[in-house]
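What follows draws every value from the coordinates through simple rules; no lab data is involved. Note that the structure is predicted; figures quoted are calculated from it, not measured. Cβ sites come from the backbone with ideal geometry, for glycine too, and all protein chains shown count toward neighbours.
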Amino acid sequence: MNMALKPDPTEKMMFQLTLRRRGVSDQAVLRTMEEVPREMFVDPRDRNEAYRDSALAIACGQTISQPFVVAYMTEQLQLQKDHRVLEIGTGSGYQAAVLSRLCKQVLTIERYRTLADGARKRLEKLGYYNIEVLLGDGFDIPAGAGDFDRIIVTAAMEQIPEKLLERLDPGGILIAPVGPHQGTQTLVRVVRTENGFDRKELVDVRFVPALPGIAREL
Ligand code: SAH
């Protein structure tokens, strides 16, 4: 057995403490962060770093987000067991795995084939059966995918497309990093109300950019 695969219990305890200290308090979210094996989503060379609170490089020049940001965004979504959730930016599949434990179904979209195929295989192998991974463009969600209770964007958008907001069910919540591709972005939370959209800025973050179209490189 490869011992590098087994996270040190002290490390996992520190991981929980860090999330709590930074303000994550939802017990279901904290439990899920404890249960989803982040070491299986990072590059195998980085397994020893999996429980540090930092983003790590994955294939195609992309990143797996910092655990605090994953937990915080998940908490802000206020997920319920019957929710259908859309994620734009599958990357490693880690955020999708976390979401899937707290809702009914996740549709996650990724523009790199290598990442989409990798995440699909990994999620299947780990037993996350309520996640569908789609190769596609988050700026152009297929109409057949329907509407969603929650939408989470995990790549920085210069602005939130109107078309995307229209895919939220009434009472739905969208969370996305918004801002210039280079530099600081702000996490924005939008709630669809009876008469429109309520928008609130949360915290500053750094994400890789959301780019249009399916990537031509693998
Ligand atoms: N949520 C991921 C990290 C996302 S990194 C995780 O948990 O590992 C952002 C991802 O968004 C990258 O993989 C990038 O290729 C993807 N992306 C960027 N623009 C996109 C678009 N228009 N449609 C779909 N995916 C996109």
- Message: Over the range 3-205, what is the relative contact order in percent, taking alpha-carbon pairs closer than 8 angstrom and at least six residues apart?
- Response: 14 percent
- Can you list the HN-Hα couplings for the range 38-50, worked out from phi with the Karplus curve (6.51, -1.76, 1.60; θ = phi - 60°), rounded to whole Hz and with x for Gly and Pro? 4, 4, 7, 9, 8, 4, x, 5, 9, 4, 6, 9, 4
- Take the alpha carbon atoms of the range 160-218, find their center, do the same for the range 110-128, and report the distance between the two centers in whole angstrom. 23 Å
- Hey, what do the phi angles of the range 175-187 turn into as Karplus ³J(HN,Hα) couplings, whole Hz, using 6.51/-1.76/1.60 and θ = phi - 60°, x for Gly and Pro? 10, 8, x, 10, x, x, 4, 9, x, 8, 10, 10, 6
- Query: What do the square roots of 5 times the Cα gyration tensor eigenvalues come to for the chain, in whole Å, largest first, as semi-axes of the equivalent ellipsoid?
  - Reply: 26, 20, 17
- Could you state the angle between the C-alpha long axis of helix 113-126 and the longest principal axis of the C-alpha atoms of the chain, as a value from 0 to 90 degrees rounded to the nearest 10? 60 degrees
- Just how large is the dipole of the range 7-149 about the Cα centre, in debye to the nearest 20, putting +1 at every Lys and Arg Cβ and -1 at every Asp and Glu Cβ? 280 debye
- What angle do you read, to the nearest 10 degrees and between 0 and 90, between the alpha-carbon axis of helix 67-77 and the longest principal axis of the chain? 40 degrees
- Item | Dipole magnitude (debye, nearest 20) for the range 141-218, charges at Cβ of Lys, Arg, Asp, Glu | 160 debye
- Item | Exposed trypsin sites (Lys or Arg not before Pro) absent - longest run of the chain, DSSP non-H/G/I/E/B, at most 11 other C-beta within 10 Å | 82-215
- Kirkwood Rh over Cα pairs of the range 163-218 into Stokes-Einstein at 4 °C, 1.567 mPa s: D in µm²/s? 101 µm²/s
- Amide hydrogen neighbours beyond the local backbone of Thr63, cut-off 5 Å, H modeled: Ile58
- Query: By how many nm would the segment from Arg45 to Glu124 lengthen if fully extended, with 0.36 nm per residue of separation less the alpha-carbon distance?
  - Reply: 26.3 nm
- Message: Between Glu11 and Glu201, what is 0.36 nm times their sequence separation minus the Cα-Cα distance? Round to one decimal in nm.
- Response: 65.2 nm
- Note on the structure: Quick calc, Ser54 & Ala145: beta-carbon distance into FRET formula, R0 35 Å, rounding 0.05, result 0.60
- Query: Hey, what number do you get for the chain at 222 nm if only DSSP H runs of n ≥ 4 count, each worth -39500 (n - 2.57), divided across all residues, to the nearest 500?
  - Reply: -7500 deg cm²/dmol
- Note on the structure: Candidate cut points under chymotrypsin sites (Phe, Trp or Tyr not before Pro) in the range 113-147, DSSP loop plus at most 15 other Cβ atoms within 10 Å of their own Cβ, are Tyr129
- Semi-axes of the range 97-140's equivalent ellipsoid from the Cα gyration tensor, sqrt of 5 times each eigenvalue, largest first, rounded to whole Å? 18, 13, 6
- Task: Largest first and in whole Å, give the semi-axes of the range 117-189's equivalent ellipsoid, each being the square root of 5 times a Cα gyration tensor eigenvalue.
- Result: 23, 17, 12
- Going by the alpha-carbon gyration tensor, a ≥ b ≥ c the square roots of its eigenvalues, is the range 1-80 rounded (a/c under 1.5) or, if a/c is not under 1.5, prolate (a/b greater than b/c) versus oblate? oblate
